[in-house]
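To keep things clear, I will list the structure first and then write my remarks on it.
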């Protein structure tokens with residue numbers, strides 16, 4: 001063979017062997033800066049703006065939740081007041097029925113305590129076109145604010 005030319009088969013096998021050795025060797029980072037930069041791009045966190053937007057969304061959702069909870073609490077308290085007021089009004093009307101006497105025409109105010117709360121009960125007795133019956137209206141007040149009104153007809157016994 002010629003002195004300056006190498007056998008092409010021998011060159012090919014040498015190249016294949018060096019590629020196989022390179023594949024077995026662990027790759028080394030080209031430089032510390034590039035390796036750090038690549039790692040920081042992969043493990044990048046949230047920006048301050050993204051965090052603030054997320055906090056804003058959470059704050060709006062929490063504010064809506066607080067408003068809904070407050071509305072539910074007010075409604076539950078109102079229902080409780082109505083129930084207690086109805087008990088006071090019914091008790092006042094039942095007392096009139098149980099007395100087995102016709103009440104005197106006019107207005108009367110009493111107090112009623114239910115569940116540790118004090119309510120005012122205003123009873124108004126009015127005549128009807130039939131003299132055998134009277135109309136009795138019970139208004140339940142809390143701090144002079146009308147909560148509930150019930151009325152009934154009472155007849156002679």
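The values are calculated or read from the model by the stated rules, or taken from the named source; none is laboratory data. Quick caveat: nothing in here was measured; it's all calculated off a predicted structure. FYI the Cβ positions are ideal-geometry reconstructions off the backbone, even for glycines, and counts take in every protein chain you see.
A few points about this structure:
- Residues of region 38-54 that turn out to be modelled with pLDDT of 85 or more and surrounded by 10 or more Cβ atoms within 10 Å (Cβ to Cβ), as a count: 6
- In region 131-151, the residues that are in a strand (DSSP E or B) and out of contact with any strand residue (DSSP E or B) (no Cβ under 8 Å at 6 or more places or on another chain): 145
- Among the residues of region 77-105, those identified as exposed (fewer than 10 other Cβ atoms within 10 Å of the Cβ) and either assigned to a helix (DSSP H, G or I) or on the phi < 0 side of the Ramachandran plot (or both) are 98, 104.
- Residue, farthest from residue 153 (Cα to Cα), within region 106-127, restricted to residues that are over 45 Å from the mean Cα position of the chain (by Cα) and either modelled with pLDDT under 95 or exposed (fewer than 12 other Cβ atoms within 10 Å of the Cβ) (or both): 106
- Taking region 109-127 as the range and being within 14 Å of residue 88 (Cβ to Cβ) and touching a strand residue (DSSP E or B) at 6+ places or on another chain (Cβ under 9 Å) as the test, the residues that pass are 109, 110, 111, 112, 113, 117, 118, 119, 120, 121, 122, 123.
- Qualifying positions in region 128-149 - within 34 Å of the chain's Cα centre (by Cα) and either more than 20 Å from residue 94 (Cβ to Cβ) or in contact (Cβ under 8 Å) with a residue 60 or more places away in the chain (or both): 142, 143, 144, 145, 146, 147, 148, 149
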